[in-house]
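In what follows, a structure is listed as structure tokens, so that the remarks can point back to it.
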Amino acid sequence: MGARGIAVAASALGALALAAGCGPQEPRIEAADATVRVPLNPDVTSAYLVIENTGGADDTLTGVETEAADEVQMHESVEKDDGTTGMEERAEIPVKAGETVEFASGGLHLMLMGPEELDAGETVPLELHFAESGTVEVQAEVEDVMGEGGQDDGDMDDTGHQDMDHEDMGDMDHGDMQH
């Protein structure tokens, strides 16, 4: 066997070693506790879930799709320099090895743009697209945050703004408020 044959054999052995698991580990993505809110207006609603990476390598959430809406955007609630809170769209969300990322009210969340009519108790499929793991599907339960009595629980509405009772505001000047 000449020098070229030895080089080819060494290259093949290296490839076999990588295939046998001597190379880098892979991410292992699991999604759970997914919910979608009954839309309070026809243009938008929010969705929440928990993503866990139990694998040995990092991954990145690059997008979300559902048949229940025209578009899904990933947003994060952030405090701005002027002290107000707003939302910023995120193109991707890192999910590091061994970490859990929670999409919850007041933090990371999904915005379903142009949602179809959704009723409490239904389930909606969400397709989570990852750079390394491909597509992971999770079923999201539709929740009615207004409840049976028509009163909300004081949680944020579908646009990320805290619900306010204007009757309790008395003589407040709306010009002083930071929306």
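The values are calculated or read from the model by the stated rules, or taken from the named source; none is laboratory data. Since we're looking at a predicted model, the values are computed, not measured. Remember, those area values only see protein heavy atoms, side chains included, never the ligands or the DNA or RNA. Shrake-Rupley method; radii C 1.70, N 1.55, O 1.52, S 1.80 Å.
So how exposed is residue 58, as accessible area in Å² (1.4 Å probe, rounded to 10)?
Around 80 Å² of this residue is reachable by solvent.
Would you mind checking which residues have amide H under 5 Å from residue 46's amide H? H placed 1.01 Å from N; only 5 or more apart, or other chain.
The answer is 37, 112.
What length, rounded to one decimal in nm, is gained on full extension from residue 32 through to residue 90, with 0.36 nm per residue of separation minus their alpha-carbon distance?
Using 0.36 nm per residue and subtracting the Cα-Cα distance, I get 18.8 nm.
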